[in-house]
Each structure stands twice: as C-alpha cells, then as structure tokens.
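S.K.: Before I ask anything, here is the structure I am working with.
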C-alpha cells in the first residue's frame, strides 16, 4: 500500500507538472483560517451569515463548506475515517458523536471558560453528545418530535386534539380531515427512504407499538408482530389519508406541504415549528397547533431526540481557534444575537435552559415549553419497552446502523408504494439486517 | 417533399424542440418567482418577477469563486488532456500496430469503471499526496477519466486525414513533433475543437469527484448546487435560481459553440 | 476506405503513446489493485476495531443477496431502454432537422440544450418542478384535464428515471445522427424521390441505413455513460422504492458511502469491473469492428 502510494507519487508528479504550472498551489493558508463543514439547514445558514462578526472580532477567517445533509455526512465521514484533515469543525449529530468520540476521532471539549456556562446547557443534551464521560461536541440546536395539526380544520370538523393523542385517534382524525379533491391530506409522514428520514419516524412508531431493533443478544427483531403491526398501520394510514408521492417526502418536503396547507396533521421534528410559525414563510402560521407525539401501546420511545452539534476532528491543526468558534456559536450571546437580528421565533432551540427562561422567546415561540419537555423526557438509554443492548430512540448508536437503517428504509418505502407486501418487506429486512450483523461480528 | 407534409414535418420539429427545451425554460421562470408562486396550483405563467432568489444566493454563497473553479478545472483539464491525447491518437492513426485496436478498446473500457467503487483508494492516495481540496487533484482525475474519449475522438479524426500529406512532410525532413504541429494540427483543428468542447462540457458537469475531493478551495459549481438542494422549508424557487446560475455559463458556451461541436462530434461515423 | 498502415515510416511511436497509456494504466491498476485488496478485507470506515482478512466473505454476502440479480437486471434495463428511446427519437428528429426550414438554427439550439445541463440539475428540475405529484406541473395538467395524478417516483420509478436520462441523452444521439445525415448524398435522395418514394420510405430505406455507423457510435458512447447512471437516481428515488431503481453504481454507492463498508463496496466494485470488461469485450468490440477500427 505504501509502495503503491510512492509509485503513484512519481507518476502523478509528472502529470502534475503541466497542470501545476497553470494552477499554482491552493494549499497556502494562514494559521488563523479554519474550515467548517455544515448542513444547509436554515439555522446553519444563519450562523454562516452572523459569523462575520466573529471573524471581525478575532481576526480569524472561515472557509465554509455548506452541503445538503446526505452529501455532508458522506464527505465528513470519509474525511474523518481516513484522517484526511480537511476540516477544523464538523457539524455532526447525536448519532455520530459518541461513536466517533469512542474512536478518539474527535477532540474532547473540556476547559470551556466559565462565561460559557456549561451548566446552562441541558444535561440530557450534553449526555447525548458524550462518550466515556467526556464531551465531544457542543449542541447547536436540539429537537424532539411531536404532532403538528391545523387548528382551523379541527375546529371546522368539530374535533378536539387531546394533549396525549393515541394512534387510533390520529387515524380517525386523519380519515375525517382528508379531502383529496382539495389536495388536503389527513396525515403527512416521512416516506423518503433513509435512516435519518423514514426510519427516524418509523422507529418511534415501532417503539410505541412495543417493538425493538435487537434483543439483548443483538438478534434482529424485525420479524416480530410489533414491527408488523407498526408498519402495517403506517402503510394503511398513508395509503388512505396521506399525500400522493409520500415515498419521496422527507422532513423538508413534508414541512413544505404543511406550510402550504396540504396537511391536517404532521408528526415530525420539533425544530420544524419555527418556520411554520413564521408568517413570512408559512401560509398556516396562524392556524398551526401542536401536541405530543401519539402513542400506540407503550409510551417508550414515542418521541425522539436529536441534536445537531459542532465537533473538532483530532486531525485539525487549529484546535484552539476552532474551540473559540465553538464557544462563540453555541453561546447564550449567539442565541441573543439571532433573536435580535431575525426574531426570537427562529433562534436555535433545545440547547440552553436560559433560552427557555427568556420571556421574549416564550412570547415569540408558543411551542417553547412543549419542546423543552419533549427533549427532557426523550430517554435515549431506555428507548423501548423490552430491554435492548443499544442506546438511541430513532437510531441505534452503532456504526452499522447507517447501513441497516438505509436498507430497511428502502424495504419500507417499497412496501409503502405497493412494490412489495409488508410481509415480504420485513422478511427481506430481517434477512438483510441479520447478514449485516453477522458480517460485523455481533452475531455468529 | 411536397408542401403539406413538409409543413407538418416542420411543425413537429419545432414542437419537439420547444418541448425538449421546456423544462429548462420552466426552471428559468421559477427562478424569478417567490417560493409560494413557485409551487402555486394551478401553475403560474404570468407573475411579477422578483430577483430576490438571486440576491439571496449571492448573499449566502460566493458564486464567483465556485464558477472560477469550474472554469479553471474545465480549461486546465482540457489542455492537459489534449497534451496527452493528441500524440497518442496521432501514433495510433498514422502508425497503427498489431495491438492498436486492443489498446484503444482497453482505454475505452477504463471509462466503464464506476467511480464510486474506487473512491476510498483515490481518497487515500490524494491524502498521501497532499492533493485533497486542490484544483490539481480535480484536474488530474478529470483528465484521466476523459482521456479515453478524447483519444478515441481524435483518433477517428486523424484517420480521415490523407496520409500522403503526413508522409510528404516526413520525407521533407520534418520530425514527428514538427509534423504534428505544422502539418497535422491545422488540418484536424475542427476535430480538436470539438474534442475540447466535449471535454469542457463533461468537466463542467462532473459531480462525483468534484464533491468528494474538494472542500472549500477547489469546490466547483456542482458543489455549489449541493448546498442549495433540499434545504428546509420552501426551496423550489431558490434552488431554480441556483441551478440557473450553475448551468448558464456552460449553456451559453454550448449555444455559441454548437456549430463547431456538430461538425466534430462524429467519432468517425461519417465517411 | 480502409487504409493500410504506412509501411515506409519508421517512427518510434512509444514516446507518443507512453504518456497516455501509462497515465491510464496507473489510473486503472493502482485503485484496482487496492480495490481488489480491500474486497478481501473486513474494512468498515466507521468501525476501525473491525479488521483482518475476510476471505471470500464480502463476495459471498453479495452474491447470496437475493437483490443482486435484480440490480444487475435494472442496470441492463436502464441502458437498453434509454438507448432504444434516444436512438429512435434522435433518428426521427435528425431526419426532421435535416430539412431546411425557418429558424432551424434556433430550434436546433433548443433541441440540444439538455445535453449541457449537469445531471444533478436535470434531476432536480424533473423531480421538483415537473413530476412532483402535488406541486409539479404534470400533476397540475392532469388535474386540469380531470385525469388521475401520477405519482411518478412512487408507482413508475424506473420509467421516471428512464424519461429523465433519455431527455439528457437524446440530444447527443440527435447531434451525431444529424451530422451523419448531412453527409448523405443529395442526388441519391433526389433519385429516390423521382422514383416516387415518400418521406417515410426514404427514412427507412435510405436514411436509416446511411446512419447505421453513426448509430453504432451512439450505442457505444452512450453505453459507456449509461452503465454509470448515478446522479439522477441519487437525487430522485435514492434507488427505491425498495430496490426498484437500484443499479450497480448505486449499490456500490450504498455500500461505500451510506454503509461505509469498504470491503463490501470493493467486492461490488470488482463485480462491476468484471461486468464492464464483459461488455467491453462483446459490445464495444463488435461495434469497433463495424467502424473498421
């Protein structure tokens, strides 16, 4: 391998002569330039805009790499796993953080100054971003999931949404509120395949139907009645009361559908609320209401926990500068700046107690307390009714889960469009997960 | 052809052209709408155009830097590729050996390897050579992946050139390089031009390597698009505007050069 | 027309060929060697604890996967269907644009424009602006006409991909076939017309045979690119629903960049390389023979 690389070096050097003369080198960087990889969510785009203040204050410069979520994840994972050293700050989730932390791929984030007020950050969020008792990422925002609904439609139909709905009730509401002639659909749910898309939602549904991914010996449980009931329920409800093309709807697409008045109910991330309540971006800003995520049989794992967080790869050569940016962008002061510049409705939610004690935020964001509760009660360590060997509610915190979640997500999407039956989808899913776990050495 | 069928034929040709272009026109239209107008049902054909999407994009991303990278990568690749391909095609066309055909076919078959299968090896190599996020890396990769096509195209061109001229020049005492530069090149300029055009188009639109080997310094327009596809909320209009910005330079370039492209894009099919 | 090799010339072609051949040799063999090596390893980017020699396990799991045959079939179906559509439509359009009519230059520019557009953007346009079952233009037209709305990527996923890619590649076929037609002897056409042949007869009996070589070229060039269709699938269906639109490149992508299972992805890569070489051996060789290379 070393040998090949050397040979390549000479061959490539010859090739480069021609190209290199033309191009010069783009490697020249000053010590105070950091490269940040982030997702193109509106919160991060805002951070990018405001970061010129930090650049001015500190004299450092930021190179931004803004990519859509899937591309970003590939890019960042390839780089960190091969120690490519392309980035100084990574935007990663609560799924990756503990796994990468355990591999020592990330810089441990201790020694933040008192002014940062680490105790102000929700303990449950900090715990989700830690491994072996060390913090490996600081939260930029955190979310749980709950039910959005259209108050005007419920009132018109004479329906009342309970504070803790059951899935049977949701189904009845969806039936009454579906009006296909007017492109109004009773329920919008994720259908786009992906471990962070349809499977995120479906995992919570399976949890509350009493199911689990693995038993205590890592034996896959996808052929159990709980999975079958949950998936059948989901598919039946989506067929009857969901929008057409649901199999390509993820978080974004559903948010767009809801914001333009096509959905009566939507069960998804709490972080979607800011936009739906924003009059500039939502046609239903004065009609949207929310309640807890529904439960079916057991309350365990019916709503999820996720955090987008900022971390520093151990390959970074600018750890000190990167830390200073982390402290700035996840500070109380930053949240206040966003509140002042863009309005309190859209500040990064779910990370700090102080945000939820701020009267301006409580006034601008009617969903604030609800979100805080949902985040506090999402129990990553006990996600299911039966015992499991893993943590994580809408994911399983093992490296293999991206593969597993993606494949199973594809099967479920196949069943959703009627390409295969629920039985076949789950049978294939079980076989595929069993093979992956065997290959990875969890089971014999 | 008599009058009536001719008219029908022309009408069909125009209709097909308009239909084929329609998706692009529809996108252009969407880029001047507000987000709500962009997904209005029934769709809007007449509305008050806004430049907000474009303004938003310029405020958010440094378009010029992405576009400049695309231009540099396309041009440098094409130049490097010609330097490699012209001599090879010349040798194959004018001094073919027993293995020439096999060589040519082998070159083409390298084009059929799925890039994603060798991403990790290439990433590791680029890391060890300190080429990650450099234009050099993208130029090398693009050059190598387009080289087979270029050799093939040039080969078919050169083959159509009368041999006598080359031989006459050799007898006059010119060496190989002089022959290539002074005698052959002027004759096959249309072929070289269209090979270059095709190479520029392919480089401009290459997305896989551009995304995976670049971060900030070398990121071209295909990476620019990846920062606008499917963000949160309503995104159709802004994405349309970003798409227009990403394809406009190459589209205009293609329109201007299409006559040249047509003349050369035969791959030896025309006798 | 076939020319004999110049025998008088004693030219050392090695320095002319060497740079290209060496560059491609390195480009192909180095990553290939590493890929073959990885395909026998237990190697997951996300799990460095897992390593060691895997024997044929990566291949075994891949071949035991019941989806593999379906995926190979999808790969072939995509290539064949898109070739059929682009070549036949391209030929008809070339015949039409071979007539001279007002505004032909502009119409031709409109016709070939999709070829210049990056695949990601093409796919985004079709997915969001045209085929979207709620907000898309096709759905709006269907509703306006009182027809049922088609959920393109849900109920007709493979066809949707075929439509999008055909739209991108038809201009390429059109351009090459048009160039070929323009070289057709006008006197031959006149003679056929005087014999009373109609435009349809001329198309099938004179123009198509004349385009035969050009069609071979189109088939060969497009096959090379169509075997690697990726961006369109990635943007629209992500290989689904189920595995309805998963082709070989997308499978490798899933293993390599969604699962980060480099061992398994490398095994799939090796299979793809074998497939590419089989196709190169048969298809390209047959076509190259027709072109007297």
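The values are calculated or read from the model by the stated rules, or taken from the named source; none is laboratory data. Note that the structure is predicted; figures quoted are calculated from it, not measured. Using ideal geometry, Cβ is built from the backbone for each residue, glycine included, and neighbour counts are taken over all protein chains shown.
To keep it simple, each residue is scored yes or no on (1) within 12 Å of chain B (Cβ to nearest Cβ); (2) closer than 21 Å to residue B:210 by Cβ.
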residue: A:54; (1), (2): no, no
residue: A:62; (1), (2): yes, no
residue: A:74; (1), (2): yes, yes
residue: A:77; (1), (2): yes, yes
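S.K.: Next up: Restricting attention to region B:90-102, and to residues there that are surrounded by 18 or more Cβ atoms within 10 Å (Cβ to Cβ) and at the interface with chain C (Cβ under 7 Å from one of its Cβ atoms), which single residue is farthest from residue B:178 (Cα to Cα)?
M.R.: B:96
S.K.: Being surrounded by fewer than 22 Cβ atoms within 10 Å (Cβ to Cβ) and touching a residue at least 24 places away in the same chain (Cβ under 8 Å) is the filter here; which residues of region A:347-363 pass it?
M.R.: Listed by number, the residues that qualify are A:353, A:354.
S.K.: Does any residue of region A:50-60 turn out to be modelled with pLDDT of 80 or more and crowded, with 22+ Cβ neighbours inside 10 Å?
M.R.: No, because not a single residue in region A:50-60 is modelled with pLDDT of 80 or more and crowded, with 22+ Cβ neighbours inside 10 Å.
S.K.: Residue A:189 versus (1) touching a strand residue (DSSP E or B) at 6+ places or on another chain (Cβ under 7 Å); (2) more than 20 Å from residue C:242 (Cα to Cα): which is the lone unmet condition?
M.R.: Going through the list (1) touching a strand residue (DSSP E or B) at 6+ places or on another chain (Cβ under 7 Å); (2) more than 20 Å from residue C:242 (Cα to Cα), residue A:189 breaks only (2).
S.K.: Residues that are more than 10 Å from chain C (Cβ to nearest Cβ), crowded, with 16+ Cβ neighbours inside 10 Å, touching a helix residue (DSSP H, G or I) at 6+ places or on another chain (Cβ under 8 Å) and assigned to a loop (DSSP other than H, G, I, E, B): does region B:79-89 have at least one?
M.R.: Scanning region B:79-89 turns up no residue that is more than 10 Å from chain C (Cβ to nearest Cβ), crowded, with 16+ Cβ neighbours inside 10 Å, touching a helix residue (DSSP H, G or I) at 6+ places or on another chain (Cβ under 8 Å) and assigned to a loop (DSSP other than H, G, I, E, B).
S.K.: Please count how many residues of region C:111-127 are facing chain B (nearest Cβ under 7 Å) and assigned to a helix (DSSP H, G or I).
M.R.: 11
S.K.: Tell me, which helices (runs of 4 or more DSSP H) wholly within region A:27-125 include 3 or more residues that are out of contact with any strand residue (DSSP E or B) (no Cβ under 7 Å at 6 or more places or on another chain)?
M.R.: A:42-58, A:69-81
S.K.: Please name all residue pairs, on different chains or six or more residues apart, with Cβ atoms under 6 Å, provided the first residue is in region B:188-206 and is touching a residue at least 12 places away in the same chain (Cβ under 8 Å) and within 13 Å of chain C (Cβ to nearest Cβ) and the second residue is part of a loop (DSSP other than H, G, I, E, B) and buried (at least 20 other Cβ atoms within 10 Å of the Cβ).
M.R.: B:194/B:265; B:205/C:118
S.K.: Go through region A:270-295 and count every residue that is crowded, with 20+ Cβ neighbours inside 10 Å, touching a helix residue (DSSP H, G or I) at 6+ places or on another chain (Cβ under 7 Å) and facing chain B (nearest Cβ under 10 Å).
M.R.: 6
S.K.: Just for region B:25-40: of the residues that are closer than 14 Å to residue C:126 by Cα and free of Cβ contacts under 8 Å to residues at least 24 places away in the same chain, which one is nearest to the other protein chains (Cβ to nearest Cβ)?
M.R.: Taking the candidates together, the pick is B:26.
S.K.: I've got another one for you. Within region A:186-201, which residues are at pLDDT 90 or above and part of a loop (DSSP other than H, G, I, E, B)? Spell out the reasoning first.
M.R.: Within region A:186-201, the first condition is being at pLDDT 90 or above, and the residues that meet it are A:186-191, A:198-201.
Answer for region A:186-201, where residues must be at pLDDT 90 or above and part of a loop (DSSP other than H, G, I, E, B): A:186, A:187, A:189, A:190, A:191.
S.K.: Filter region A:155-168 down to residues that are exposed (fewer than 15 other Cβ atoms within 10 Å of the Cβ) and on the phi < 0 side of the Ramachandran plot, then give me how many there are.
M.R.: Residues in region A:155-168 being exposed (fewer than 15 other Cβ atoms within 10 Å of the Cβ) and on the phi < 0 side of the Ramachandran plot: 9 in total.
S.K.: Tally the residues that are more than 22 Å from the chain's Cα centre (by Cα), surrounded by fewer than 24 Cβ atoms within 10 Å (Cβ to Cβ) and more than 7 Å from every other protein chain (Cβ to nearest Cβ), restricting the search to region B:104-129.
M.R.: 1
S.K.: Taking residue C:35 and the conditions (1) over 29 Å from residue B:151 (Cβ atoms); (2) in contact (Cβ under 8 Å) with a residue 12 or more places away in the chain; (3) within 12 Å of chain A (Cβ to nearest Cβ), which numbered condition does it fall short on, given that it satisfies the others?
M.R.: Here residue C:35 meets the rest and fails (1).
S.K.: Just the residues that are in a helix (DSSP H, G or I), more than 21 Å from residue C:79 (Cα to Cα) and at the interface with chain A (Cβ under 10 Å from one of its Cβ atoms), please, taken from region C:128-153.
M.R.: C:128, C:139, C:143
S.K.: Can you pull out every residue in region A:100-122 that is buried (at least 18 other Cβ atoms within 10 Å of the Cβ) and farther than 21 Å from residue A:36 by Cβ?
M.R.: A:122
S.K.: Within region C:52-68, count every residue that is within 11 Å of another protein chain (Cβ to nearest Cβ), outside any helix (DSSP H, G or I) and surrounded by fewer than 14 Cβ atoms within 10 Å (Cβ to Cβ).
M.R.: If we filter region C:52-68 for residues that are within 11 Å of another protein chain (Cβ to nearest Cβ), which is where we start, we get C:52, C:54, C:57-58, C:60-62, C:64-67.
The next check asks that each one be outside any helix (DSSP H, G or I); those that pass are C:52, C:54, C:65-66.
Keeping just the survivors that are surrounded by fewer than 14 Cβ atoms within 10 Å (Cβ to Cβ) gives C:52, C:66.
Adding up the residues that qualify gives 2.
S.K.: Can you name every residue in region A:364-406 that is at pLDDT below 90, within 14 Å of another protein chain (Cβ to nearest Cβ) and in a loop (DSSP other than H, G, I, E, B)?
M.R.: Within region A:364-406, A:399, A:400 meet the criteria.
S.K.: Let me ask something else. If a residue must be closer than 12 Å to residue B:118 by Cα and more than 7 Å from chain B (Cβ to nearest Cβ), how many such residues does region C:269-293 contain? Show your work before the answer.
M.R.: Step one: of region C:269-293, the residues closer than 12 Å to residue B:118 by Cα are C:269-270, C:272-273.
This time we only want the ones that are more than 7 Å from chain B (Cβ to nearest Cβ), so: C:270.
The total comes to 1.
S.K.: From (1) assigned to a helix (DSSP H, G or I); (2) within 7 Å of another protein chain (Cβ to nearest Cβ); (3) modelled with pLDDT under 90, pick out the condition that doesn't hold for residue C:105.
M.R.: Tallying (1) assigned to a helix (DSSP H, G or I); (2) within 7 Å of another protein chain (Cβ to nearest Cβ); (3) modelled with pLDDT under 90, residue C:105 fails exactly one: (2).
S.K.: Return the only residue of B:45, B:32, B:58 being part of a helix (DSSP H, G or I) and out of contact with any helix residue (DSSP H, G or I) (no Cβ under 7 Å at 6 or more places or on another chain).
M.R.: Every option except B:58 fails the conditions.
S.K.: Can you pull out the residues in region C:35-46 that are surrounded by fewer than 22 Cβ atoms within 10 Å (Cβ to Cβ) and closer than 20 Å to residue C:273 by Cβ?
M.R.: Scanning region C:35-46 gives C:36, C:37, C:40, C:41.
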